[in-house]
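Here the structure comes first, spelled out in structure tokens, and everything after it is commentary.
The values are calculated or read from the model by the stated rules, or taken from the named source; none is laboratory data. All figures in this text were calculated on a predicted structure; none of them were measured in a lab. Backbone-built Cβ (ideal geometry, glycine too); neighbour counts: all protein chains shown.
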Amino acid sequence: MQHGRKLIKGHTNGEIHVWNGVTLNFDTVNYLHEDSIKVMKWAKYHEWLIPVDKKGCIHYWTTDLNTIAKHQAHTSQVRDLDFSSSYGKFASCSDDRIVKIFNFGTFKP
């Protein structure tokens, strides 16, 4: 996605809404999660989007919203995730009281 031209919003029903920032119209609505999306973060200079749903499932998407991988990371709602400064790893924390650290290249803890 071109910087500053699109807006992405996660919805409580698992939809991802993409708005065109130039025309102010919907570009797409995608049903990519089975539950409400709680956290979304951009990674690797906006080349990847990492959303997490209420059930603790982490998805790995390209900028055109193709799912590359998904991982059931937690047994309950994820509250946040963040990346290391090198983007080689990221951590997620959840209501299950567990913090998990993932290798971004392999998408595994």
Taking first residues from the range 86-106 that are over 18 Å from LYS70 (Cβ atoms) and second residues anywhere that are acidic (Asp, Glu) and in a strand (DSSP E or B), the pairs with Cβ under 6 Å that are 6 or more apart or on different chains are CYS93/ASP80
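Let me confirm something: among TRP61, TRP42, TRP48, which residue is within 12 Å of the chain's Cα centre (by Cα), free of Cβ contacts under 8 Å to residues at least 12 places away in the same chain and surrounded by 14 or more Cβ atoms within 10 Å (Cβ to Cβ)? Give the derivation first.
Working: TRP61 fails: free of Cβ contacts under 8 Å to residues at least 12 places away in the same chain; TRP48 fails: free of Cβ contacts under 8 Å to residues at least 12 places away in the same chain.
After applying the criteria, what remains is TRP42.
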Every residue in the range 10-25 that is under 18 Å from ASN66 (Cα atoms) and either in contact with a Gly (Cβ under 6 Å, 6 or more places away or on another chain) or aliphatic (A, V, I, L, M) (or both), please.
ILE16, VAL18
Which of the numbered conditions does THR23 fail, given that it passes all the others? Conditions: (1) at pLDDT 80 or above; (2) within 13 Å of the chain's Cα centre (by Cα).
(2)
Read through the list (1) closer than 18 Å to PRO109 by Cα; (2) touching a strand residue (DSSP E or B) at 6+ places or on another chain (Cβ under 9 Å), then give the number of the only condition that ARG5 fails.
(1)
Any idea which of (1) surrounded by 14 or more Cβ atoms within 10 Å (Cβ to Cβ); (2) in contact with a Phe, Trp or Tyr (Cβ under 6 Å, 6 or more places away or on another chain); (3) modelled with pLDDT under 90 is the one PHE90 doesn't satisfy?
(3)
Considering residues that are assigned to a strand (DSSP E or B), closer than 26 Å to ARG97 by Cα and of a type in the set (Asp, Glu), the number found within the range 14-61 is 1
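On the given criteria, is SER85 over 14 Å from LYS108 (Cα atoms), assigned to a loop (DSSP other than H, G, I, E, B) and out of contact with any Gly (no Cβ under 7 Å at 6 or more places or on another chain)?
Numbers: over 14 Å from LYS108 (Cα atoms): yes; assigned to a loop (DSSP other than H, G, I, E, B): yes; out of contact with any Gly (no Cβ under 7 Å at 6 or more places or on another chain): yes.
Considered against the rule, which asks whether it is over 14 Å from LYS108 (Cα atoms), assigned to a loop (DSSP other than H, G, I, E, B) and out of contact with any Gly (no Cβ under 7 Å at 6 or more places or on another chain), SER85 comes out as yes.
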